[in-house]
Amino acid sequence: MDTPPLSGSDSDSDDPLVTDRELQEAFSRGLLKPGLNVVLEGPKKAVNDVNGLKQCLAEFKRDLEWVERLDVTLGPVPEIRGPQATSQNKDQKAVDPEDDFQREMSFYCQAQAAVLAVLPRLHQLKVPTKRPTDYFAEMAKSDQQMQKVRQKLQAKQAAMEKSEKAKQLRALRKYGKKVQTEVLQKRQREKAHMMSAIKKYQKGFSDKLDFLEGDQKPVARSTKEGAKGQQMKKRPSAKRRYKNQKFGYGGKKKGSKWNTRESYDDVSGFRAKTAHGKGLKKPGKKGSNKRPGKRTREKMKSRTR
């Protein structure tokens, strides 16, 4: 069976072939250049359709009272920079649109002038322009959301405090280790110094035993006074009392046994028996305990024989 040719498929396959042939012919003639061909459109023309704009305005315009609209139209407002304002400052065209600060300042002055122009009119219509003292406005966020924010802030503050405490503890540990190291080094130095002093003493290079007293630090004046007071309160030793009794307490010795007016008039220690020899025997007087002589001793020995 012979199948008839598909007319649609033939037409679809012929069109691109014809088109490619035309493009190849145009390229061979030099009408086409290699690369992307972009269709350039002409510049757009600005059209000021006044009637169309008025028609659009009439479509969405509503005839409402001014209180409902609150629209204000003012001319250019000069920017006041000082008491001497020039004509250039009064002209709105003098504002440089490229200067951000000057442009924003002109917007601010324009809005301020509009508010000042509208306020008297609102007062005439008895419209309140200030918020009452008991004004209540609904929160933009719910209480639950604010509670979450508060909890988050508290958690952040607690974390910061914890971090600060950890830093302080680390610093204290560092300082404690430093102090401990210094103490150990000091002990090692003292030990080495004592060992060297002992060796010198053993070898006879030194006759001082100050190193046996230990590390006695100089005491402050107030501490010394307190220690002296404690020593004075304590009773002196027996050795000290004996030396005081034998040698006295120091000081002036010459003339210590001289009579004074007071000692001459004082007769409380006078004893008559002692004074006239009736009491105790005087030292150096012959007594019964005298040793016999040599001849007497010999006679006594011969008698015993």
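Return the pairs, sorted by first residue and then second, in which the second residue is loosely packed, with under 11 Cβ neighbours inside 10 Å and among the acidic types (Asp, Glu), the first residue lies in segment 111-124 and is without any contact (Cβ under 8 Å) to a residue 12 or more places away in the chain and part of a helix (DSSP H, G or I), the beta carbons are less than 8 Å apart, and the residues are 6+ apart or on different chains.
Filtered contacts from segment 111-124: no entries.
Do any helices (runs of 4 or more DSSP H) lying entirely in segment 36-99 carry at least 1 residues that are modelled with pLDDT under 65, within 30 Å of Leu122 (Cα to Cα) and out of contact with any helix residue (DSSP H, G or I) (no Cβ under 7 Å at 6 or more places or on another chain), and which ones are they?
The qualifying helices (runs of 4 or more DSSP H) are 87-90.
Would you point out which residue out of Ser288, Ser302 is modelled with pLDDT of 70 or more and either among the small types (Gly, Ala, Ser) or closer than 30 Å to Lys186 by Cα (or both)? Give the derivation first.
Values: Ser288 fails: modelled with pLDDT of 70 or more.
Only one candidate qualifies: Ser302.
The values are calculated or read from the model by the stated rules, or taken from the named source; none is laboratory data. Since the model is a prediction, treat every value here as computed from it, not as a measurement. No Cβ is skipped: glycine too gets one built from the backbone with ideal geometry, and neighbour counts run over all protein chains shown.
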